[in-house]
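Let me begin by presenting the structure, written as structure tokens, before commenting on it.
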């Protein structure tokens, strides 16, 4: 690791604006995992995110002429707030290009700090492209959110604080990764001062650009990027950050949306603070590391990197937390359609708590029920399924079935016996005013829409389940038609959740 980065980090003079954040004990999750868990509270920065460190450090390195020209950045929110605050303190004009999918709380926060906000595109990459056009047109100075040595050095001050504040044993640090600036800064310093400490990168499974790059041995660009953890929704790891990370980190862990939601709840339980999804990535990865390695008695630290989240997203997070905590099983169970079947099924659960129960009459033979049942772990969930199978119930475990979790449990009506030639697709589209109407305008017309379910989760993407009546001879045309819509989609016609509860009777 280049010594120059250590010097850059130690030379960062950011503390007239950024603050030294505390390391908090997490006693509840520590007891549950049988390891000492610590949280580095970067959510307590003035902009509620570590991004202030790198943005301000970069601003301090600009020449007088560069400051006079004004600065610009592309950001989903946290870098934007940090740059806006730094620019205001230094009397520099700042323009921030943000994706239209950025949570309103972040847009308002940037504007309140005096920066001009330009909304462009649906992703960070689209915003960054537009920002470069403005650089060429207006001569502004571009402040990269992660792929810049001065920004990386600013983020690296987190590591300096950790090693100064915590003098006892420390086995591993878990760092959220989007473009990689925070992780690069931390690993550069930690591996120089304390190479015995593991540094583990953590990514959202639907935006795992570092994991993809590590696998290929080179940077790759992801075709699709999920936006639930919008602060780390980056399609390609930075060039400079990857140069640092590829030979220095001790591993990359990817976590699901449900695991992120569970980590948000864990942080709340131990600190009574609410972090954003990207802010909880570190703890979600720490939990998965413990599960996979079986380690006990170690001291593990997760970076709580930010707390900028729209309040209405908590509804969606709460819904997914129980599954993320492995405390709920979602099952499709077939029972006889006759009196007493419900009672016998409930007795077969052996006093387990039922969290949800959905049923609609379909035919005189069998009944398919959609049921949520409280469990204590994955092993307990499997034990429940095995027990029901031993009692001659037909069971399909839908706990990891996105259609079941996103749509089926909220839909009413059931089967439509008269509907023929139905195919089913799941879509995602950027959530903004008019997005649903625009989606319907593009989709409608050629084939009859036989089923439609949309529910706003307060997230960056709208999620829709659509049934279309497509004659068999026209099936080959569907793919080309849907590709032209330019929305991510997945066919779900063979999905068990659809077959059991919405499709034609088998």
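So, of the residues in segment 213-247 that are part of a helix (DSSP H, G or I) and without any contact (Cβ under 8 Å) to a residue 24 or more places away in the chain, which turns out to be surrounded by the most Cβ atoms within 10 Å (Cβ to Cβ)?
So, considering only residues that are part of a helix (DSSP H, G or I) and without any contact (Cβ under 8 Å) to a residue 24 or more places away in the chain, the one surrounded by the most Cβ atoms within 10 Å (Cβ to Cβ) is 243.
Sort out which residues of segment 172-212 are in contact with a helix residue (DSSP H, G or I) (Cβ under 8 Å, 6 or more places away or on another chain), modelled with pLDDT of 95 or more and in a strand (DSSP E or B), and write them in order of number.
172, 173, 174, 175, 176, 199, 200, 201, 202, 203
Which condition number does residue 419 fail, the rest of (1) closer than 30 Å to residue 336 by Cβ; (2) out of contact with any strand residue (DSSP E or B) (no Cβ under 8 Å at 6 or more places or on another chain); (3) at pLDDT below 80 being met?
The one condition residue 419 does not meet is (2).
Within 21 Å of residue 56 (Cβ to Cβ) and either touching a strand residue (DSSP E or B) at 6+ places or on another chain (Cβ under 8 Å) or at pLDDT 95 or above (or both), is that true of residue 109?
Judged against the criteria, residue 109 is not a match.
Can you tell me which residue within segment 401-416, out of those that are at pLDDT below 85 and in a loop (DSSP other than H, G, I, E, B), is nearest to the chain's Cα centre (by Cα)?
The residue in question is 407.
Any residue that is in a loop (DSSP other than H, G, I, E, B) and either over 34 Å from the mean Cα position of the chain (by Cα) or at pLDDT 90 or above (or both) - is there at least one of those in segment 320-337?
Yes: segment 320-337 contains one or more residues that are in a loop (DSSP other than H, G, I, E, B) and either over 34 Å from the mean Cα position of the chain (by Cα) or at pLDDT 90 or above (or both).
Output the number of the condition that residue 68 fails; it satisfies all remaining conditions of (1) surrounded by fewer than 24 Cβ atoms within 10 Å (Cβ to Cβ); (2) touching a helix residue (DSSP H, G or I) at 6+ places or on another chain (Cβ under 7 Å).
Tallying (1) surrounded by fewer than 24 Cβ atoms within 10 Å (Cβ to Cβ); (2) touching a helix residue (DSSP H, G or I) at 6+ places or on another chain (Cβ under 7 Å), residue 68 fails exactly one: (2).
Do you know which of the residues in segment 449-506 that are modelled with pLDDT of 85 or more and assigned to a strand (DSSP E or B) is farthest from residue 398 (Cα to Cα)?
That would be 469.
Of all residues in segment 471-489, count the ones that are touching a residue at least 60 places away in the same chain (Cβ under 8 Å) and either loosely packed, with under 13 Cβ neighbours inside 10 Å or not assigned by TED's automatic domain parsing to the domain that holds residue 443 (or both).
Adding up the residues that qualify gives 0.
Could you tell me which of the residues 382, 347 is at pLDDT below 85, surrounded by fewer than 15 Cβ atoms within 10 Å (Cβ to Cβ) and not in a loop (DSSP other than H, G, I, E, B)?
After applying the criteria, what remains is 347.
Quick one: in segment 162-171, which of the residues that are surrounded by fewer than 17 Cβ atoms within 10 Å (Cβ to Cβ) and in contact with a strand residue (DSSP E or B) (Cβ under 8 Å, 6 or more places away or on another chain) is modelled with the lowest pLDDT?
168
Scan segment 119-147 for residues that are in a helix (DSSP H, G or I) and more than 24 Å from residue 85 (Cβ to Cβ) and report the count.
Number of matching residues: 6.
Among (1) in contact with a strand residue (DSSP E or B) (Cβ under 6 Å, 6 or more places away or on another chain); (2) surrounded by fewer than 20 Cβ atoms within 10 Å (Cβ to Cβ), which single condition is residue 95 missing?
(2)
Is there a residue in segment 277-285 that is outside any helix (DSSP H, G or I), in contact with a strand residue (DSSP E or B) (Cβ under 7 Å, 6 or more places away or on another chain), in contact (Cβ under 8 Å) with a residue 60 or more places away in the chain and buried (at least 19 other Cβ atoms within 10 Å of the Cβ)?
No, because not a single residue in segment 277-285 is outside any helix (DSSP H, G or I), in contact with a strand residue (DSSP E or B) (Cβ under 7 Å, 6 or more places away or on another chain), in contact (Cβ under 8 Å) with a residue 60 or more places away in the chain and buried (at least 19 other Cβ atoms within 10 Å of the Cβ).
Filter segment 249-271 down to the residues that are assigned to a loop (DSSP other than H, G, I, E, B) and modelled with pLDDT of 95 or more, then identify the one that is surrounded by the fewest Cβ atoms within 10 Å (Cβ to Cβ).
250
Which one of these is touching a strand residue (DSSP E or B) at 6+ places or on another chain (Cβ under 9 Å) and touching a residue at least 60 places away in the same chain (Cβ under 8 Å): 191, 198?
From the options 191, 198, the qualifying one is 191.
I'm told residue 308 meets every condition in (1) out of contact with any strand residue (DSSP E or B) (no Cβ under 7 Å at 6 or more places or on another chain); (2) crowded, with 24+ Cβ neighbours inside 10 Å; (3) not in a helix (DSSP H, G or I) except one. Can you identify the failing condition by its number?
With (1) out of contact with any strand residue (DSSP E or B) (no Cβ under 7 Å at 6 or more places or on another chain); (2) crowded, with 24+ Cβ neighbours inside 10 Å; (3) not in a helix (DSSP H, G or I) applied to residue 308, the lone miss is (1).
Table: residues versus (1) under 23 Å from residue 22 (Cβ atoms); (2) in contact (Cβ under 8 Å) with a residue 60 or more places away in the chain; (3) under 21 Å from the mean Cα position of the chain (by Cα).
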position	(1), (2), (3)
81	yes, yes, yes
94	no, no, no
101	no, yes, yes
110	no, no, no
135	no, yes, no
148	no, yes, no
169	yes, yes, no
172	yes, yes, no
182	yes, yes, yes
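The values are calculated or read from the model by the stated rules, or taken from the named source; none is laboratory data. Just so it is clear, the structure is predicted and the values come from calculations on it, not from any experiment. Glycine also receives a Cβ, built like all others from the backbone with ideal geometry; neighbour counts cover every protein chain displayed.
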